[in-house]
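Beneath this line is the structure, given in structure tokens, with notes to follow.
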Amino acid sequence: MLFVLFVLAPCLTLGCRSETPRASTCPAGFRADDARAEAILAKLGEVPAGARARDQALAKGGVSFCFGRIGVSSVTTSGAVLIDEALGTEEAAARVGHLLTHVAEGLRVEPRSGEDESCEVITERALAAESAALSLELGLRRAFGVGSSARVRYEFEGAYWEAPEAAREGLVLDYLRTHPDGAPGIDALASGYARRCREARDAASAR
């Protein structure tokens, strides 16, 4: 998952009829599909946590949706939510709820000018945000009935639901720490965030 900067601001609140956000520019191999985007947004509205992530994200400036073939649906820094077109509406909605959480809350891995936090601290904070977002995604998958037909299967999903509720997010965080270069359904989050932080710090030092 890559953090996003926002593109469009459609009317999508609890007090008005929604209008599907339109992609400004989809990257090669992806296309806009208003009907599918609208179905995903509507599905998110069926669960309070999903509706909250959706509305908070779109209130900040909106997102654009692009559909194509991608191993892990993600959000790009150019402002497009890249959704695997092979996902069913329920599974796609759960994943989009995860991604919109990052849009709503922000996920920064580049150190600010003059900031003395280490890249290890910044990366750990980003992984904690990922753990929270993945926990939301798992909850939405269960609420939407995503089961044996799921295209993406997380290795920790079974253990997550077997663990006490208070321990679940920590279980995901531990998994991300021990799989820095990725795993089924998971990008190389830890190593990727650490690299971006180091590159940004090196570039700032060179100026």
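The values are calculated or read from the model by the stated rules, or taken from the named source; none is laboratory data. Since this is a predicted model, take the numbers as computed values, not measurements. Here the Cβ positions follow ideal geometry from the backbone for every residue, glycine too, while neighbour counts run over all protein chains shown. Areas reflect the complete protein model, heavy atoms only, side chains present, ligands, DNA and RNA absent. Shrake-Rupley method; radii C 1.70, N 1.55, O 1.52, S 1.80 Å.
Numbers for the structure displayed
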quantity: Verdict on Glu155 being at pLDDT 95 or above, touching a strand residue (DSSP E or B) at 6+ places or on another chain (Cβ under 9 Å) and open to solvent by 30 Å² or more (accessible area, probe 1.4 Å); calculated: yes
quantity: Close pairs (6 angstrom Cβ cut-off, 6 or more residues apart or separate chains): part of a loop (DSSP other than H, G, I, E, B) in the range 137-162, of a type in the set (D, E, K, R) and surrounded by 12 or more Cβ atoms within 10 Å (Cβ to Cβ) anywhere; calculated: Phe144/Glu90; Val146/Glu90; Val146/Glu91; Ala150/Glu91
quantity: Checklist (1) within 15 Å of the chain's Cα centre (by Cα); (2) open to solvent by 10 Å² or more (accessible area, probe 1.4 Å); (3) at pLDDT 90 or above; (4) not hydroxyl-bearing (Ser, Thr, Tyr) applied to Leu2, failing item; calculated: (3)
quantity: Tally, over the range 44-79, of residues that are outside any helix (DSSP H, G or I) and modelled with pLDDT of 85 or more; calculated: 15
quantity: Checklist (1) open to solvent by less than 20 Å² (accessible area, probe 1.4 Å); (2) assigned to a helix (DSSP H, G or I); (3) farther than 23 Å from Pro48 by Cα applied to Arg198, failing item; calculated: (1)
quantity: Candidate set from the range 50-81 (those that are surrounded by fewer than 22 Cβ atoms within 10 Å (Cβ to Cβ) and among the β-branched types (Val, Ile, Thr)); member that is farthest from Tyr154 (Cα to Cα); calculated: Thr77
quantity: Close pairs from the range 50-61: first farther than 13 Å from Ala93 by Cβ, partner of a type in the set (S, T, N, Q) and part of a loop (DSSP other than H, G, I, E, B), Cβ under 6 Å, at least 6 apart; calculated: Asp55/Thr13
quantity: Single condition Gly29 does not satisfy, out of (1) part of a helix (DSSP H, G or I); (2) over 21 Å from Arg142 (Cβ atoms); (3) out of contact with any Phe, Trp or Tyr (no Cβ under 7 Å at 6 or more places or on another chain); (4) open to solvent by 30 Å² or more (accessible area, probe 1.4 Å); calculated: (1)
quantity: Residue under evaluation Asp84, criteria (1) surrounded by fewer than 19 Cβ atoms within 10 Å (Cβ to Cβ); (2) under 18 Å from Ala188 (Cβ atoms); (3) at pLDDT below 90, criterion not met; calculated: (3)
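Conditions (1) within 13 Å of the chain's Cα centre (by Cα); (2) at pLDDT 95 or above; (3) under 30 Å from Ala206 (Cα atoms); (4) open to solvent by less than 10 Å² (accessible area, probe 1.4 Å), marked per residue:
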site: Glu90; (1), (2), (3), (4): no, yes, no, no
site: Ala93; (1), (2), (3), (4): yes, yes, no, yes
site: Leu100; (1), (2), (3), (4): yes, no, no, yes
site: Glu110; (1), (2), (3), (4): no, no, yes, no
site: Gly114; (1), (2), (3), (4): no, no, yes, no
site: Leu134; (1), (2), (3), (4): yes, yes, no, yes
site: Glu137; (1), (2), (3), (4): yes, yes, no, yes
